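The structure under discussion appears below in the form of C-alpha cells.
The values are calculated or read from the model by the stated rules, or taken from the named source; none is laboratory data. Bear in mind that the values here come from a model prediction, so they are computed numbers and not experimental data. Cβ coordinates were reconstructed from backbone atoms using ideal geometry, including for glycine residues, and neighbour counts include every protein chain displayed.
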C-alpha cells in the first residue's frame with residue numbers, strides 16, 4: 001500500500017483530495033502547515049490558521065487518517081515574506097503563491113513527508129500530471145486542470161521534474177461543483193466552506209499595511225501622463241536584426257515628472273503596482289486613472305487615464321537566464337532557437353499566442369497581442385496543448 005501525505009489546509013479541495021486517495025486504497029496521512037504566526041507583522045485580529053487547522057483535524061478524524069500540524073513559519077518567513085519585502089522595495093511585484101508552492105509545499109513540506117516514509121505528496125490543486133517515456137526515461141508533465149474556471153497550473157509553474165515525480169493532484173480531473181458534491185456526499189465539514197482568499201496561507205492581506213511593517217510610508221507625487229506622450233507616437237526604427245527588435249519592444253517607457261502633470265500625492269511608490277486603479281484617490285478625470293509605472297528611486301507614481309492608455313501595453317517581455325525555468329527539461333531552447341507557445345502573465349488570464357526567442361542573455365516572449373500591465377517580478381508561464389512547459393520571472 002503506497003503512503004501519501006496530503007497537505008490538509010482546512011479547505012474543501014484538500015479534504016476531497018484526502019477522501020479520494022483513501023477511496024483509491026492509499027495509506028493517507030494528513031498534515032496541516034502552519035506558516036504564519038508572526039505577530040510583528042499583524043495583518044488582522046482574526047486568526048485564520050487556527051480555524052483552518054481545526055477544520056483539517058475534524059476532516060482527518062472523519063476520514064480516520066492520522067493528522068498533525070507542522071510549523072513551517074520560520075522557513076515561510078525566510079523564503080516568502082522576506083523575499084516579498086525585498087522585491088517590493090526594488091519596485092517589483094512578486095507572486096508569493098508561485099514561490100510558496102516551489103519553496104514550501106513541494107520542498108520543505110515534501111522533505112517532511114518523505115521522512116515520514118511517503119511515496120507521494122498530494123495537494124488540492126486543480127491541475128493534472130501526465131507521464132511519457134522519452135529516450136527511455138519517464139518525463140513528467142504538468143497539465144491544466146479540467147475545470148477551466150479553476151485551473152491552477154500557473155501556480156505550479158516553477159516545479160521541477162524531481163518535485164513532479166512525487167506529486168499527486170487527485171482533483172485535477174474534476175470541476176469545483178463536483179468537488180463540493182463529493183464533499184457533501186462524504187459528509188465533510190468543509191463541503192460548503194468558502195474558498196480562501198489572499199496570500200498563500202496568510203489569508204486576506206491589506207497590502208500597504210502589510211508592507212508598512214518593513215517599508216516606511218514616504219510621500220511622493222502622482223503624475224498623470226497624457227495619451228499623446230511623445231514616446232507613444234514616435235516612429236518605429238529600422239532594426240539590424242531580430243534581437244534588436246525584441247529588445248526595443250521589451251524596453252518599457254521611461255517617464256519623468258516633466259512629462260505629465262502632478263495630480264495627487266501617495267504614501268510610497270512601492271505600495272503600488274502596474275495596472276492598479278484602487279488606492280490612488282484622484283478625482284476629476286473622465287475615466288479612472290491606472291498606474292502605468294512606478295519609480296521607487298524618485299518615489300513617483302505615473303498614471304494614465306482609462307484602461308486603454310498606451311502606457312499600460314507592451315507585446316514583448318524579457319526573462320534573464322538566471323530566471324528561466326523549464327519543467328520540460330528535454331525542450332530547453334538553445335541560443336537562436338524559437339518556439340511557438342501560448343502564454344500568460346498572471347493567474348486566470350486567458351492564454352495568448354506568443355513566440356519564445358532564446359538569446360545569449362535570456363529569453364524574449366513576444367506576444368501576438370499587446371498585454372496589459374506587464375509587471376516585473378511576476379511570472380510568465382508558457383504552454384502547449386494544455387501542458388505547462390516552463391516559466392520565468394519577468395525582468
When region 339-372 is checked residue by residue, the ones that are more than 15 Å from the chain's Cα centre (by Cα), in a loop (DSSP other than H, G, I, E, B) and closer than 25 Å to residue 293 by Cβ are 361
Sort out which residues of region 154-165 are assigned to a loop (DSSP other than H, G, I, E, B) and buried (at least 20 other Cβ atoms within 10 Å of the Cβ), and write them in order of number.
157, 158, 159
Can you run down the residue pairs with Cβ atoms below 7 Å, 6 or more apart or on separate chains, where the first is in region 276-296 and at positive phi and modelled with pLDDT under 95 and the partner is surrounded by 12 or more Cβ atoms within 10 Å (Cβ to Cβ) and not in a loop (DSSP other than H, G, I, E, B)?
281/264
If residue 379 meets every condition in (1) surrounded by fewer than 17 Cβ atoms within 10 Å (Cβ to Cβ); (2) under 14 Å from the mean Cα position of the chain (by Cα) apart from one, which number is that one?
(1)
Only residues that are in a helix (DSSP H, G or I) and in contact (Cβ under 8 Å) with a residue 40 or more places away in the chain: list them for region 62-74, please.
62, 63
Selected residue (only one of 368, 332, 319, 380 is under 21 Å from residue 160 (Cβ atoms), out of contact with any helix residue (DSSP H, G or I) (no Cβ under 8 Å at 6 or more places or on another chain) and without any contact (Cβ under 8 Å) to a residue 60 or more places away in the chain):
332
Quick check on residue 97: is it buried (at least 16 other Cβ atoms within 10 Å of the Cβ) and in contact with a strand residue (DSSP E or B) (Cβ under 8 Å, 6 or more places away or on another chain)?
yes
I'd like the residue in region 69-94 that is closer than 13 Å to residue 33 by Cβ and in contact with a strand residue (DSSP E or B) (Cβ under 7 Å, 6 or more places away or on another chain) and, out of all such residues, is surrounded by the fewest Cβ atoms within 10 Å (Cβ to Cβ).
71
Inspect region 378-391 for any residue being over 26 Å from residue 275 (Cα atoms) and either out of contact with any strand residue (DSSP E or B) (no Cβ under 7 Å at 6 or more places or on another chain) or part of a helix (DSSP H, G or I) (or both) and give the result as yes or no.
yes
Residues to consider are 141, 105; find the one that is modelled with pLDDT of 95 or more and not in a loop (DSSP other than H, G, I, E, B).
141
Matching residues in region 100-132 - criterion: being farther than 24 Å from residue 348 by Cβ and either in contact with a strand residue (DSSP E or B) (Cβ under 6 Å, 6 or more places away or on another chain) or in contact (Cβ under 8 Å) with a residue 60 or more places away in the chain (or both):
109, 110, 112, 113, 116, 117, 118, 119, 120, 121, 131, 132
Tell me whether region 6-29 contains one or more residues that are in contact with a strand residue (DSSP E or B) (Cβ under 7 Å, 6 or more places away or on another chain), surrounded by 14 or more Cβ atoms within 10 Å (Cβ to Cβ) and modelled with pLDDT under 90.
no
Keeping to region 306-317, report how many residues are surrounded by fewer than 20 Cβ atoms within 10 Å (Cβ to Cβ) and touching a strand residue (DSSP E or B) at 6+ places or on another chain (Cβ under 8 Å).
6
In region 30-48, the residues that are modelled with pLDDT of 95 or more and in a loop (DSSP other than H, G, I, E, B)
none
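Of these, 307, 265, 274, which one is outside any helix (DSSP H, G or I) and more than 30 Å from residue 353 (Cα to Cα)?
Of 307, 265, 274, the one residue that is outside any helix (DSSP H, G or I) and more than 30 Å from residue 353 (Cα to Cα) is 265.
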